[in-house]
1. Within the bounds of region B:52-60, is there any residue that is more than 14 Å from chain A (Cβ to nearest Cβ), touching a residue at least 60 places away in the same chain (Cβ under 8 Å), among the acidic types (Asp, Glu) and surrounded by fewer than 21 Cβ atoms within 10 Å (Cβ to Cβ)?
2. Provide a single number: the residues in region A:86-99 that are over 18 Å from A:GLN139 (Cβ atoms) and either hydroxyl-bearing (Ser, Thr, Tyr) or touching a Lys or Arg at 6+ places or on another chain (Cβ under 7 Å) (or both).
3. With the structure loaded, tell me whether B:PHE211 is crowded, with 19+ Cβ neighbours inside 10 Å and closer than 30 Å to B:LEU243 by Cβ or whether it fails that test.
4. For A:ILE46, are the conditions met, namely being part of a helix (DSSP H, G or I) and farther than 19 Å from A:VAL184 by Cα?
5. Given the conditions (1) closer than 17 Å to A:LEU143 by Cα; (2) more than 22 Å from the chain's Cα centre (by Cα); (3) within 11 Å of another protein chain (Cβ to nearest Cβ); (4) of a type in the set (A, V, I, L, M), and given that A:VAL83 satisfies all but one, which numbered condition is not satisfied?
6. Cβ-Cβ below 8 Å, separation at least six or inter-chain, first residue in region B:89-105 and more than 7 Å from every other protein chain (Cβ to nearest Cβ), second among the acidic types (Asp, Glu): which pairs?
Amino acid sequence: MIEVQDLSKSFGPVRALDRVSFTVEEGQILGFLGPNGAGKSTTMRILTGFLPGDGGTVRVAGHDVAKESLQVRRATGYLPEGVPLYPEMRVGEYLRFRARLKGLQRSRKTELIARALESTGVADVERRVIGTLSRGYRQRVGLADALLAEPKVLILDEPTVGLDPEQVRQFRHLLREVGRDRTVILSTHILSEVELVCSHVAIIHRGRIVARDTASSIRRRFGGLERVVAEVAGPLKEVRAALGKDPRVARVSAAAGDTYHRFTLEPAGGEDLRETVFKVVRDGGWLLRELRRESVSLEDAFVDIIGGASGRSPGVEEAR
Amino acid sequence: MTALRNVWAVLLREVAAYFLSPVAWIVITLFLLVNGATFSYFTSYFQGHPRQITLVVESLFGFALFWILPLSPILTMRLFAEEKRTGSLELLMTAPVTEAHVALGKFLAAQAFYCLIWASLLPFFAILDVLGEPDWGPILTTYTGVVFLGLLTNALGCLASAWTRNQLVSAIVALSGNLLLFYVTLAQGLIPADAIEVQRVLHYLSFTHHFDGDFFQGSLDVRYLFFYGSLAASLIFLSVLSLEARKWR
């Protein structure tokens, strides 16, 4: 549904995107993940035809973005970062304006507007002035607009920024609902969001795609498997050396405490390391206070993937 | 057909936005207030003499003409600058519409509102019609001149607004452009009268001359209207290019 091939984009001397390639199949929800300034917004602006790329091809819903921009825009619903709506208009007025702009047939317009209002839960504020709405409601009005023409593709740029936790929860629920029969790409720098909503993940860093897979396999691939955390009272160096001796342990990291030190063990394969820890502690005659497994979150994977590169890329996302 | 519908959609929203913003109401109020004061001043010694009626009409238009200078910049400054500042341009331009549709719709909305403001002078003429017998010819030709000159000044305002994300900058740039047009008249005095070709060009450019020597007299020189119209079309074309310019960077 969305095919991006070798997409590059520069703003003057700043290279915002560097040969970015990814595809989103029909029905997938892709989480587009990256730190601020990584190139998320730039990619989305190119996908929606707001900006052209410098090189590479982008096809959305079977149309080339550069050559058939209007067809692409007809097939896409877009929610830009910050949801810039007209604050002086009423919700209903605004959606009628957008419906006219999107060329919806007069006979279907009323029905489609009603459906969009309904599915995003903003029917009760239809007569309210947009500027007086809360952030969460404005976000939903933006989503209602994006859904208006029943697009096959939905492009959402940082849709949950600025919402309170309850609103975020509702918005995610809404996303899962509308994503059922659509292809969705949503950008975010919040990892839990991707874990909860998305089927697939693409991680972008400094204009390059650094990882692209299903959410679960990214977690497996980059985060290793289940780690074991243990708190042991004993000489730190000795305990650490003893724990590291076992070939099934890939890495041991230690954090010093007053009497108890915290050790984190990463397995080389799929083994459960808890027994190993217990045996080592028993053989050394030390004390064990805590022993638990910890499953690796996408957040750890993310930090792992981009962590090597220090600092942040220039703020190209601010460029308009 | 699609183009027309898109232009119409943008136009409707922009006209609605005028009525939803305080700026428009302030402008209308001031316009009515000042012209009302002018009107009552010039009619205070009114005896129904035909020459007197002509004088009232000319004064009314003459004073109102100064409004041309700030009116269009104020009406047009918001059009693109605000959308750029808030980022709503992104939503607008990712809808299935072209830059030309958007620019034309916005320009026509400004023009419509501009005409509406000028229409507020009509009641004064209606009063004159009750009191005496004003010559409707010059009134109609002046109105035509005002509408066509508005095409030019509004197009200039659109271009200024398409250049910046700051409304104030847009208004100042557009006002400077209008003043430049206005100062053409003064420049005529600085150039020797025997430089006939230069004088002719300046005369052709100077809108105050067009009004004093032509529209106020009840005649319509189509060359002037064509001048306003064609210049306006070029400026709108440049506005479309400025909107597309984001794609060239």
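1. yes
2. Quick first cut of region A:86-99, residues over 18 Å from A:GLN139 (Cβ atoms) only: A:88, A:93, A:96-97, A:99.
Filter once more, keeping what is either hydroxyl-bearing (Ser, Thr, Tyr) or touching a Lys or Arg at 6+ places or on another chain (Cβ under 7 Å) (or both): A:97, A:99.
Matching residues across region A:86-99 total 2.
3. Answer is no for this residue.
4. Answer is no for this residue.
5. (2)
6. From residues that are more than 7 Å from every other protein chain (Cβ to nearest Cβ), the pairs are B:LEU89/B:GLU83; B:LEU92/B:GLU83; B:GLU99/B:GLU244; B:GLY105/B:GLU14.
For every residue, the table says whether it meets (1) more than 30 Å from A:HIS63 (Cα to Cα); (2) among the hydroxyl-bearing types (Ser, Thr, Tyr); (3) within 15 Å of the chain's Cα centre (by Cα).
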| residue | (1), (2), (3) |
| --- | --- |
| B:ILE53 | yes, no, no |
| B:LEU75 | yes, no, yes |
| B:SER88 | no, yes, no |
| B:MET93 | no, no, no |
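Quick grid of which residues meet (1) under 20 Å from the mean Cα position of the chain (by Cα); (2) β-branched (Val, Ile, Thr):
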residue: A:GLY179; (1), (2): yes, no
residue: A:CYS198; (1), (2): yes, no
residue: A:ILE204; (1), (2): yes, yes
residue: A:ARG212; (1), (2): yes, no
residue: A:ILE218; (1), (2): yes, yes
residue: A:VAL229; (1), (2): no, yes
residue: A:THR264; (1), (2): no, yes
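The values are calculated or read from the model by the stated rules, or taken from the named source; none is laboratory data. This is a predicted model, so every value here is computed, not measured. Every residue, glycine as well, gets a Cβ built from its backbone with ideal geometry; the counts of neighbours run over all protein chains shown.
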